[in-house]
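Asks: Have a look at this one before I ask anything.
The values are calculated or read from the model by the stated rules, or taken from the named source; none is laboratory data. Note that the structure is a prediction, hence the values are computed from the model and not measured. Heads up, the Cβs are rebuilt from the backbone with ideal geometry, glycines too, and the neighbour counts pull from every protein chain shown.
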């Protein structure tokens, strides 16, 4: 059994050692399948590390009308439903250590919020989280060039199912609808993330 707090403390130590040698704004990737806890981890790191900001890839979700037009509404959350080009351009800007306004995603309305908050120019570290930051597929694998440290949260599929069932019910899904969405969308996405990724620098192990 892996102790999560010990893993977290070890990761913070690695990041602090790295940033002492850095001459640019560092970008730390926190990747993992849906339900792995990567968002909570990323926000915890951003809170505990000084001069550090948080960024979610979810701010680059394509809006529902676009997904409907493309026939992708039932696959929302899959790699094809993100503006990976726009995300890559933002990473390029962030490396320059300038103030950048970044988008966010509202899960309640399922809408992207443009220029939701700033990443200040005096922040020399950004914790970036998302399912597909290490995805080893065309275009996505190019993101690997931007990470000063790549972290992957490993988790088993049964734990993912349990966590996501709770998440979707909290968001108003019936048990039946939640189970259908998980098996038809979330689990295929999770399997894609787990099986097809570029090598990470650090692996964290989530528990149930």
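Asks: Would you point out which residue out of 193, 153, 198, 202 is under 17 Å from residue 26 (Cα atoms) and surrounded by 14 or more Cβ atoms within 10 Å (Cβ to Cβ)? Give the steps one after another, and end with the answer.
Replies: Working: 193 fails: under 17 Å from residue 26 (Cα atoms); 153 fails: under 17 Å from residue 26 (Cα atoms); 198 fails: under 17 Å from residue 26 (Cα atoms).
Residue meeting the stated conditions: 202.
Asks: Can you name the residue in the range 58-71 that is in contact with a helix residue (DSSP H, G or I) (Cβ under 6 Å, 6 or more places away or on another chain) and either farther than 26 Å from residue 42 by Cβ or part of a helix (DSSP H, G or I) (or both) and is also modelled with the lowest pLDDT among such residues?
Replies: The initial filter retains those residues of the range 58-71 that are in contact with a helix residue (DSSP H, G or I) (Cβ under 6 Å, 6 or more places away or on another chain), namely 60, 62, 67.
Then keep just the ones that are either farther than 26 Å from residue 42 by Cβ or part of a helix (DSSP H, G or I) (or both); that gives 60, 67.
On the way: 60: 97, 67: 94.
Ranking the qualifying residues of the range 58-71, first place goes to 67.
Asks: Okay, next question. Which members of the range 66-85 meet the condition of being in contact (Cβ under 8 Å) with a residue 12 or more places away in the chain, surrounded by 12 or more Cβ atoms within 10 Å (Cβ to Cβ) and under 18 Å from the mean Cα position of the chain (by Cα)?
Replies: 75, 76, 77, 78, 79, 81, 82, 83, 84
Asks: Evaluate the following for residue 19: is it on the phi < 0 side of the Ramachandran plot and touching a residue at least 60 places away in the same chain (Cβ under 8 Å)?
Replies: On the way: on the phi < 0 side of the Ramachandran plot: yes; touching a residue at least 60 places away in the same chain (Cβ under 8 Å): yes.
Answer is yes for this residue.
Asks: In addition: Please find, among 58, 63, 83, the residue that is more than 22 Å from residue 201 (Cα to Cα) and touching a strand residue (DSSP E or B) at 6+ places or on another chain (Cβ under 6 Å). So that I can check it myself, show each step before the final result.
Replies: On the way: 63 fails: touching a strand residue (DSSP E or B) at 6+ places or on another chain (Cβ under 6 Å); 83 fails: touching a strand residue (DSSP E or B) at 6+ places or on another chain (Cβ under 6 Å).
Within the list 58, 63, 83, the selection yields 58.
Asks: If you don't mind, there's one more thing I want to ask. For residue 45, state whether it is touching a strand residue (DSSP E or B) at 6+ places or on another chain (Cβ under 6 Å) and either assigned to a helix (DSSP H, G or I) or under 27 Å from residue 117 (Cα atoms) (or both). Outline the logic, then answer.
Replies: Details: touching a strand residue (DSSP E or B) at 6+ places or on another chain (Cβ under 6 Å): yes; either assigned to a helix (DSSP H, G or I) or under 27 Å from residue 117 (Cα atoms) (or both): yes.
Against the criterion (touching a strand residue (DSSP E or B) at 6+ places or on another chain (Cβ under 6 Å) and either assigned to a helix (DSSP H, G or I) or under 27 Å from residue 117 (Cα atoms) (or both)), residue 45 qualifies.
Asks: With respect to residue 95, is the statement that it is touching a residue at least 40 places away in the same chain (Cβ under 8 Å) and either farther than 20 Å from residue 27 by Cα or more than 13 Å from the chain's Cα centre (by Cα) (or both) true? Before the answer, list the steps.
Replies: Working: touching a residue at least 40 places away in the same chain (Cβ under 8 Å): yes; either farther than 20 Å from residue 27 by Cα or more than 13 Å from the chain's Cα centre (by Cα) (or both): yes.
So residue 95 passes the test.
Asks: Related question: Scanning for something at pLDDT 95 or above, closer than 30 Å to residue 22 by Cα and within 18 Å of the chain's Cα centre (by Cα), does the range 153-172 turn up at least one residue?
Replies: Yes, the range 153-172 contains a residue that is at pLDDT 95 or above, closer than 30 Å to residue 22 by Cα and within 18 Å of the chain's Cα centre (by Cα).
Asks: Determine whether residue 164 is out of contact with any strand residue (DSSP E or B) (no Cβ under 8 Å at 6 or more places or on another chain) and surrounded by 14 or more Cβ atoms within 10 Å (Cβ to Cβ). First the steps, then the outcome.
Replies: Numbers: out of contact with any strand residue (DSSP E or B) (no Cβ under 8 Å at 6 or more places or on another chain): yes; surrounded by 14 or more Cβ atoms within 10 Å (Cβ to Cβ): yes.
For residue 164, the condition - out of contact with any strand residue (DSSP E or B) (no Cβ under 8 Å at 6 or more places or on another chain) and surrounded by 14 or more Cβ atoms within 10 Å (Cβ to Cβ) - is met.
Asks: For the range 1-41, enumerate the residues that are more than 16 Å from residue 95 (Cα to Cα), assigned to a loop (DSSP other than H, G, I, E, B) and over 18 Å from the mean Cα position of the chain (by Cα).
Replies: So the first thing to find is which residues in the range 1-41 are more than 16 Å from residue 95 (Cα to Cα), and the list is 1-17, 20, 30-41.
Subsequent filtering for residues that are assigned to a loop (DSSP other than H, G, I, E, B) retains 1-3, 32-37.
Listed by number, the residues that qualify are 1, 2, 3.
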